[in-house]
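Enquirer: Next up is a structure, given as structure tokens.
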Amino acid sequence: MASTKFNMLVRSLSTTTAQGLVKPPVQVFGIEGRYASALFSAGSKQKQLEAIEKDLVKFQTALKKDSVLKEFIENPINKRALKASTLKLASTKLSLSPPSSNFLSLLAENGRLKKLNSIINSFQIIMAAHRGDLPCIVTTAKPLDSADQQELTKTLQSFAKKGETIKLSLKVDPSILGGMIVSIGDKYVDMSVSKKIKKYTEIIQSAI
């Protein structure tokens, strides 16, 4: 039953007659994952993946600025059909592509607008994998200068597979005291001074 609904979702998003699903390069889970995967499949067939991604980010940004629209689509009292037609108008105002506009209306009709941000985030995860982006978050106690950032990116790139490109995001957290915490893809390495102190403290306490 879930597979049937998923196929129907893809067909409702796609304006082409191509059969079968285009499998995303990475699996995302939950309802948001299913919608994001369906959108990826439809966007792939229409060759509009990049346009759709830009549209969704644009709409997500617009929602943050337009509190009236945000409250309207989040209000459970408003009918789904009314929300769908309102999103059509909003899409036209924002010059969104037809696939993006249809997708937003479909979410309204299916009562899934509460999942919108999660769906967009899931779609971006799929798109990052599609491009070969390898997200990497590095947390340090103090900001890194440009030279250190370049050296760090170069070092981290050596861990990437062929075709992957490191997309570095930097965070600052004084509580780690020194060293760094690195999250790259699905790997996590804590090389912070605070972790070492905690470890040594536990060793000392266990010896007492």
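Derivation of every value follows stated rules applied to the coordinates shown; laboratory data play no part. Keep in mind that this is a model prediction, so the values were computed, not measured.
Enquirer: Ignoring everything except DSSP H segments at least 4 long, calculate the 222 nm mean residue ellipticity for the chain; use -39,500 (n - 2.57) per segment, divide by total residues, nearest 500.
Expert: Numbers: 9 runs with 123 residues, N = 208.
About -19000 deg cm²/dmol.
Enquirer: Using the alpha-carbon atoms, what tilt in degrees (0 to 90, nearest 10) does helix 80-93 show relative to the longest principal axis of the chain?
Expert: 80 degrees
Enquirer: Explain nothing, just the number: relative contact order of the stretch 132-207, from Cα pairs under 8 Å at least 6 residues apart, as a whole percent. Walk me through the intermediate numbers first.
Expert: Details: 110 pairs, mean separation 28.8, N = 76.
Relative contact order of the stretch 132-207: 38 percent.
Enquirer: Here's a follow-up. What lysines could a cross-link reach from Lys196, if we take a straight Cα to Cα line under 28 Å and drop same-chain neighbours fewer than 8 places away?
Expert: Excluding near neighbours in sequence, the set is Lys142, Lys154, Lys167, Lys171, Lys187.
Enquirer: Still on this structure: Please list, ordered by chain and number, the residues whose modelled amide H lies under 5 Å from the amide H of Leu134; skip anything fewer than 5 residues away on the same chain.
Expert: Close amide H contacts, sequence-distant or interchain: Thr165, Ile166, Lys167.
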